[in-house]
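Comments concern the structure below.
The values are calculated or read from the model by the stated rules, or taken from the named source; none is laboratory data. As the structure is a computational prediction, the values presented were derived from the model and not from experiment. Methodologically, a virtual Cβ is constructed for each residue, glycine included, from the backbone with ideal geometry; neighbour enumeration extends over all protein chains shown. Ligands, DNA and RNA are stripped out before the accessible areas are found, and what is left, the full protein with its side chains, is counted by its heavy atoms. Shrake-Rupley method; radii C 1.70, N 1.55, O 1.52, S 1.80 Å.
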Amino acid sequence: QVQLVESGGGLLQAGGSLRLSCAASGRTFSNSAMGWFRQAPGKEREFVAGINWSGSTTLHADSVKGRSTISRDNAKNTVYLQMNNLKPEDTAVYLCAAGRGWPTLRTGYDYWGQGTQVTVSS
């Protein structure tokens, strides 16, 4: 099994920045991808960013492109989401996911963390 634990969420003003972390434990497959999703109240889960196992390929949703960067440190089994210039519409529970990322990095995730709350005030 794979266990994912997110951290780094919080409350901040619009325009601020923060870095979310996702620590993974358990068996990890060489072709596993990692992703960040978010879910706001009353809305469906939304893809934010994905990264392949090596970190050579990333994908960011249009809503965060240019403001957010996904990265990973495989030596630490940790995935990060750096978010800058945060907006109130970024408010959501952010969840980390692990899987094969197939057919694209937007999908194919089988393991999920509990999520960390990000709240951005205007």
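Quick look at the values:
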read-out	value
When residues of the range 29-46 are limited to those that are touching a residue at least 60 places away in the same chain (Cβ under 8 Å) and not aromatic (F, W, Y), the one surrounded by the fewest Cβ atoms within 10 Å (Cβ to Cβ)	N31
Index of the failed condition, S54 passing every other in (1) of a type in the set (G, A, S); (2) open to solvent by 40 Å² or more (accessible area, probe 1.4 Å); (3) within 14 Å of G9 (Cα to Cα)	(3)
Residue list for the range 58-104, filter: buried (at least 20 other Cβ atoms within 10 Å of the Cβ), hydrophobic (A, V, I, L, M, F, W, C), part of a strand (DSSP E or B) and touching a residue at least 40 places away in the same chain (Cβ under 8 Å)	V79, L81, M83, A92, L95, C96, A97, A98
Flag if V120 is touching a Ser or Thr at 6+ places or on another chain (Cβ under 6 Å), part of a strand (DSSP E or B) and among the β-branched types (V, I, T)	yes
